[in-house]
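Worksheet: one structure, shown below.
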Amino acid sequence: MCERLCTSWAKCTIFVGLTRSYCYGAIGFQEHLREHTHPFDEVTCMTYLASEQSTHARRLVRFGVIVTLSFCALLTRLAYLQTARCDELSAVASANYTKHERLFGERGAIYDREGRVLAENRVAFDLLITPREVREPEPLIEGLTPLLKLDRLGQLELRELLNSSDRSARDHPTMIARDLEHAQVSALEDLNVKVGGLGIKVKQQRTYPEGLIGAHVVGYLGRPTMSELQARELAPSEMVGRFGAERLYDHLLRGQHGHRRYVVNARGIAQHEGWAREASISWG
């Protein structure tokens, strides 16, 4: 009976000692056990402590192994991406912030044997609007109305464009007028300084000074067909000779095209400041 009481008392003492071990620490807990544990149960208590310490040590070793293996896996993956797939990932990253634009060469003129011009190019101006860059929409509409001779329907369409919630429409230029005169271009540049958002696109327009005279000989230009796009690697917006001299000497008149590579932001808008300045222009 006395031995059972001693055993129960020893177990209660161990439980209380384990509870207090958070405050005493390992050394204090051992001293506490020596002071309050029955002499014949001291060996059992020390064996229990050794077992607990061994269990904690094994857990720490396992945790360390898992952490080490995880870091090794991450480093291996990083090394693979930096070496084996470096060129591929660099190309993908570059494509995300750079854009390529094709530049069309100026088409050559056509002369008769006496040096008279039968076909030539003249500079044409188109008006573009980027709604996000417009600072004052209503003054812009009022300024464009007399310059472009807009009616009520034209004003309504322009107002809808400026107030559009479509992000693509607001971030990218929209053409609203073609083949402007020089006086209109000058007035639009002054208006742009005040309200912003306007842009002028300069392009080459094909003209025939003699009009219909000799039209069957000189020929004319037109958009390429689907078969021509595939066979000659033409751009859909490029003009090619469709008849007469324009068609016969098209390979000579087309000129030399080029490419422009520039930096864009997340919305696809060209950037021209700091490191984002125009990257490169090449011809041929």
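The values are calculated or read from the model by the stated rules, or taken from the named source; none is laboratory data. Everything numeric here is computed off the predicted structure, so don't read it as measured data. No Cβ is skipped: glycine too gets one built from the backbone with ideal geometry, and neighbour counts run over all protein chains shown.
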Unmet criterion (only one of (1) β-branched (Val, Ile, Thr); (2) in contact with a helix residue (DSSP H, G or I) (Cβ under 8 Å, 6 or more places away or on another chain); (3) modelled with pLDDT under 90) for THR98: (2)
Pick out the one residue from VAL43, VAL65, VAL123 that is exposed (fewer than 12 other Cβ atoms within 10 Å of the Cβ), at pLDDT below 90, in contact with a strand residue (DSSP E or B) (Cβ under 8 Å, 6 or more places away or on another chain) and among the aliphatic types (A, V, I, L, M). VAL123
Search result, residues across the range 242-265 that are within 25 Å of the chain's Cα centre (by Cα) and either part of a strand (DSSP E or B) or surrounded by 14 or more Cβ atoms within 10 Å (Cβ to Cβ) (or both): GLY258, HIS259, ARG260, ARG261, TYR262, VAL263, VAL264
So if I check each of TYR208, TYR262, which one is farther than 24 Å from ALA109 by Cβ, in contact with a helix residue (DSSP H, G or I) (Cβ under 9 Å, 6 or more places away or on another chain) and among the aromatic types (Phe, Trp, Tyr)? TYR262
Does any residue of the range 147-157 turn out to be touching a strand residue (DSSP E or B) at 6+ places or on another chain (Cβ under 7 Å) and farther than 30 Å from ILE213 by Cα? yes
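I'd like the full set of residues that are surrounded by 15 or more Cβ atoms within 10 Å (Cβ to Cβ) and not small (Gly, Ala, Ser), limited to the range 231-241. Spell out how you get there, then give the answer.
In the first step, residues of the range 231-241 are kept if they are surrounded by 15 or more Cβ atoms within 10 Å (Cβ to Cβ); the result is 234, 238-241.
Within the range 231-241, LEU234, GLU238, MET239, VAL240 meet the criteria.
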Anything in the range 160-175 that is of a type in the set (D, E, K, R) and in contact with a Leu (Cβ under 9 Å, 6 or more places away or on another chain)? List them, or say none. ARG170
Test LEU229 against the stated conditions and say whether it is modelled with pLDDT of 75 or more and part of a helix (DSSP H, G or I). yes
